[in-house]
Amino acid sequence: MAAQGSSNTAQRILDIAERLVQTQGFNGFSYADIAAELNTTKASLHYHFPTKAVLGTELVARYSRNFQTALEAIEKKESDPLQRLRDYVALYARVLEKDRMCLCGMLASDYSTLPKPMREEVRRFFDGNEAWLARLLEEGRKAHKLRFNGAAGEEARALIGAFEGAMLIARSYDDPSRFESAANRVLARLGEG
């Protein structure tokens with residue numbers, strides 16, 4: 001039973017840290033903020049995550065696993081490449097609707113100050129997204145469902161940049177519809193043909 005309680009506490013710590021990073025950035029919170037929310041001591045947080053770097057690395061790894069699970073669910077649910085892209089965009093939109101940013105997008109802005117293991121996890125997240133999108137784009141082009149010029153990997157990179165950037169701008173205006181508008185224009189361009 002103690003191990004289950006310990007695991008639940010670790011998950012609650014990660015949940016709070018995720019929200020804080022998505023709203024304030026990695027450098028914008030401390031263990032004291034998490035301890036206050038959990039009504040516990042910083043020492044008990046250090047029991048689960050000895051350093052903020054360890055916490056951050058596990059946080060990004062968990063976020064990546066959850067995102068990959070969401071991508072797998074999209075693939076199982078939908079065969080149409082354009083609809084898969086719409087479902088992918090919806091993942092971003094749901095985060096933005098909670099007045100949050102993509103965790104790794106927020107961390108990218110703090111990149112130079114992050115511990116090396118966290119930087120590696122952030123890159124792994126973007127690499128995984130890029131690879132998934134590139135496969136989807138190539139599949140869509142071969143099926144004559146998606147249209148774009150150049151290599152699928154380059155288009156995937158451009159899409160990630162467009163969606164992450166659109167999130168930032170929408171958040172600065174406190175207007176998720178700005179993200180939706182930008183994303184819809186990108187999807188319309190890809191779906192032509």
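The table that follows gives values for the structure above.
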| read-out | value |
| --- | --- |
| Qualifying residue in region 113-131 (condition: of a type in the set (Gly, Ala, Ser) and over 16 Å from the mean Cα position of the chain (by Cα)) | no |
| Residues being of a type in the set (A, V, I, L, M, F, W, C) and within 19 Å of residue 135 (Cα to Cα) - total across region 29-76 | 5 |
| Residue 103 vs. criteria among the aliphatic types (A, V, I, L, M), more than 13 Å from the chain's Cα centre (by Cα) and crowded, with 19+ Cβ neighbours inside 10 Å | no |
| Candidates 131, 93, filtered to the one that is aliphatic (A, V, I, L, M) and free of Cβ contacts under 8 Å to residues at least 40 places away in the same chain | 131 |
| Every residue from region 1-25 that is within 22 Å of the chain's Cα centre (by Cα), of a type in the set (A, V, I, L, M, F, W, C) and at pLDDT below 95 | 10 |
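The values are calculated or read from the model by the stated rules, or taken from the named source; none is laboratory data. Owing to the predicted nature of the structure, the values given are computational and were not obtained by experimental measurement. A quick note on method: Cβ atoms are made from the backbone with ideal geometry, for glycine too, and the neighbour counts reach across all protein chains shown.
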